[in-house]
Amino acid sequence: MVFRVLVFFLLVSGLLSFGLYLATGQTIWRRRAIAIIRWTVIAGLAFFAVLLLERLALVL
C-alpha cells in the first residue's frame with residue numbers, strides 16, 4: 001500500500017515537472033521529470049522482482 005502511494009506521488013511529480021517544462025521552456029524541468037520517471041520505473045521493477053522472488057520461494 002505504501003509503495004503504491006509512493007509510486008503515485010513520484011509519477012505525479014514527474015508529470016508536474018514535465019508540465020513546468022512545457023509552460024516555461026526551461027530544460028532543467030525536463031531533466032528533472034525524466035530523472036524522476038526513470039527512478040520510478042526502476043523502483044517499480046525492483047518491487048515486482050521482489051514479488052516474483054517471494055512467489056518462487058513459496059514454490060520451491
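The values are calculated or read from the model by the stated rules, or taken from the named source; none is laboratory data. Because the structure is a prediction, the values reported are computed rather than measured. So basically every Cβ, Gly included, is an ideal-geometry build from the backbone, and we count neighbours across all protein chains shown. Note: accessible area is taken over every heavy atom of the protein model, side chains too, but ligands, DNA and RNA are not part of it. Shrake-Rupley method; radii C 1.70, N 1.55, O 1.52, S 1.80 Å.
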Label point at Leu11 placed 7 Å out along Cα→Cβ; residues across segment 36-60 whose backbone nitrogen lies under 16 Å: 36-48
Residue-normalised accessible area of the chain, given per residue in Å² at a 1.4 Å probe: 84
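For the chain, give the percent of accessible area contributed by carbon and sulfur heavy atoms, probe 1.4 Å, rounded to a whole number. Could the numbers behind the result be given before it?
Details: 3850 of 5040 Å².
Solvent-exposed carbon and sulfur of the chain make up 76 percent of the total.
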Additional length obtainable on full extension of the chain from Arg30 to Phe3, 0.36 nm per residue less Cα span: 7.3 nm
